[in-house]
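The values are calculated or read from the model by the stated rules, or taken from the named source; none is laboratory data. Keep in mind that this is a model prediction, so the values were computed, not measured. Cβ atoms come from the backbone with ideal geometry, glycine included; neighbour counts cover every protein chain shown. Surface areas here come from the heavy atoms of the whole protein model, side chains and all, with no ligands, DNA or RNA. Shrake-Rupley method; radii C 1.70, N 1.55, O 1.52, S 1.80 Å.
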Amino acid sequence: GKATSLLLRGAESDHVLVLIDGVKVGSATLGSFSFQDIPVEQIDRIEVVRGPRASLYGSEAIGGVIQIFTRKGDGAIKPFARVSAGTDNTFESSAGLGGSIGRAWFSASGTASTTRGINSCSGSLVGGCFVIEPDRDGYRNRSVSLRAGYHISDTAEVQAHALTTSGFNEFDGGAFTGNQADVRQAIVGGKLTFSPLQPWQVTVRGGRSRDESDS
């Protein structure tokens with residue numbers, strides 16, 4: 001649950017544009033996207049474009065563009081589930097359902113993870129992190145992803161998607177502070193794609209992203 005940075009072509013982490021299902025996302029605190037709070041189980045694939053793309057995507061795309069695509073239902077309707085456990089009282093679980101019915105398709109999934117964690121700071125005042133707070137610093141995350149679409153015709157399709165994730169993160173900061181953070185991210189959007197002519201595809205897209213942090 002700690003801040004995670006990703007750098008492309010030597011650029012700063014806030015010079016990489018991140019899209020989730022085509023919707024631009026950012027951060028309320030660091031100026032870069034909070035990768036640490038997006039669960040891998042919600043992701044279908046990731047596409048990366050390295051190098052400056054500011055002419056197409058705006059000033060954030062100096063180092064490159066990363067687009068994350070959430071799960072998309074296809075074929076027969078089928079469920080999935082996963083449960084895992086590890087050290088430091090770490091537990092993870094995920095479940096979902098996806099598939100297609102006629103011209104419509106959908107995917108719905110949810111994940112949950114929690115860990116008691118470790119002591120982030122050893123307590124050394126010289127050459128350490130300058131905080132004496134011998135406690136475990138845990139983390140928990142909950143997320144839900146929904147995505148659906150309908151093929152209006154062989155050349156037209158409409159889609160809608162939503163992703164929300166919330167996290168609770170503990171850290172070592174000081175003896176007289178709360179030393180915890182609540183974060184929440186939400187992405188919602190829709191897309192209409194149609195081809196009026198054989199070599200020509202038109203896409204109309206709209207969406208909104210929200211990043212909240214209370215530390």
How many residues does segment 19-40 hold that are out of contact with any strand residue (DSSP E or B) (no Cβ under 8 Å at 6 or more places or on another chain) and either at pLDDT below 85 or in a loop (DSSP other than H, G, I, E, B) (or both)?
2
Considering every residue within segment 186-193, establish whether at least one is under 20 Å from HIS151 (Cα atoms), surrounded by fewer than 16 Cβ atoms within 10 Å (Cβ to Cβ) and out of contact with any Cys (no Cβ under 8 Å at 6 or more places or on another chain).
yes
Please work out which residue is farthest from the chain's Cα centre (by Cα), limiting yourself to segment 26-43 and to residues that are within 19 Å of SER94 (Cβ to Cβ) and surrounded by 14 or more Cβ atoms within 10 Å (Cβ to Cβ).
GLU41
Scan of segment 75-125 for residues that are buried (at least 17 other Cβ atoms within 10 Å of the Cβ) and hydroxyl-bearing (Ser, Thr, Tyr), ordered by number:
SER94, SER100, SER107, SER109, THR111, SER113, THR115, SER120
Does segment 5-18 contain at least one residue that is in contact (Cβ under 8 Å) with a residue 60 or more places away in the chain, exposed (fewer than 12 other Cβ atoms within 10 Å of the Cβ) and closer than 29 Å to SER215 by Cα?
no
Could you list, in sequence order, the residues of segment 194-215 that are open to solvent by less than 100 Å² (accessible area, probe 1.4 Å) and among the aliphatic types (A, V, I, L, M)?
VAL202, VAL204
Can you list residue pairs whose Cβ atoms sit under 6 Å apart, with the first residue in segment 125-140 being more than 27 Å from SER166 (Cα to Cα) and the second being at pLDDT below 80 and open to solvent by 100 Å² or more (accessible area, probe 1.4 Å)? Count only pairs 6 or more apart in sequence or on different chains.
GLY128/SER122
